[in-house]
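Single-structure report; data block below.
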């Protein structure tokens, strides 16, 4: 059983994922870390070979994560929705939640130096948002608003899981 968190870079997937995993006593996996472990290369190294190379590794990790044997919260990469089949693979393991955080909050918090797709500046963030928002909405089994406190977002995730009989 996995709980996959999707959303824009900086939407809180890793931070909230760790908190939810700790609250539930589940494992936690950051997809970027899993990609680096499987590929034996850093995310910037993979992107230097072209985004399609990175997306291939991402798809492999999605397929592997869908069949983990311990309950796990997965913080997905922001572009996981771009490759056909990724969301289907993740949903085979459990629910997918879209963390919806206002762009103004993301822009104020994000460290562009660690995010290859955002190194070109904030215009790129707005373009990613325009390109991906509808994909996140369509892929998510539910939308979790992350526009207040971390505690409120974690509580919303836990309520969703309880309502679904999970956890």
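The values are calculated or read from the model by the stated rules, or taken from the named source; none is laboratory data. These numbers come from a predicted model, not from an experiment. Every residue, glycine as well, gets a Cβ built from its backbone with ideal geometry; the counts of neighbours run over all protein chains shown.
Worth a mention:
- Of all residues in segment 143-167, those satisfying the criterion of being surrounded by 14 or more Cβ atoms within 10 Å (Cβ to Cβ), in contact with a helix residue (DSSP H, G or I) (Cβ under 9 Å, 6 or more places away or on another chain) and assigned to a helix (DSSP H, G or I) are 153, 154, 157, 158, 161.
- Identity of the residue in segment 80-98, in a loop (DSSP other than H, G, I, E, B) and in contact with a helix residue (DSSP H, G or I) (Cβ under 7 Å, 6 or more places away or on another chain), that ends up surrounded by the most Cβ atoms within 10 Å (Cβ to Cβ): 83
- Evaluating residue 152 against the criteria (1) closer than 19 Å to residue 18 by Cα; (2) without any contact (Cβ under 8 Å) to a residue 12 or more places away in the chain; (3) under 18 Å from the mean Cα position of the chain (by Cα) leaves one unmet condition, (3).
- Elements of type helices (runs of 4 or more DSSP H) in segment 1-69, at least 2 residues being under 19 Å from residue 84 (Cβ atoms): 31-39, 51-65
- For segment 37-51, filtering for residues that are free of Cβ contacts under 8 Å to residues at least 12 places away in the same chain, over 18 Å from residue 9 (Cα atoms) and under 18 Å from the mean Cα position of the chain (by Cα) leaves 1.
- Selection within segment 1-25: residues that are surrounded by fewer than 19 Cβ atoms within 10 Å (Cβ to Cβ) and more than 15 Å from residue 76 (Cβ to Cβ). The member of this set that is modelled with the lowest pLDDT is 1.
- Residue, nearest to the chain's Cα centre (by Cα), within segment 70-79, restricted to residues that are under 14 Å from residue 32 (Cβ atoms) and assigned to a loop (DSSP other than H, G, I, E, B): 76
- Looking only at segment 99-134, and only at residues there that are farther than 21 Å from residue 3 by Cβ and in a loop (DSSP other than H, G, I, E, B), the one that is modelled with the lowest pLDDT: 115
- Checked against (1) surrounded by fewer than 15 Cβ atoms within 10 Å (Cβ to Cβ); (2) more than 26 Å from residue 166 (Cβ to Cβ); (3) in contact with a helix residue (DSSP H, G or I) (Cβ under 7 Å, 6 or more places away or on another chain), residue 37 passes all but condition (3).
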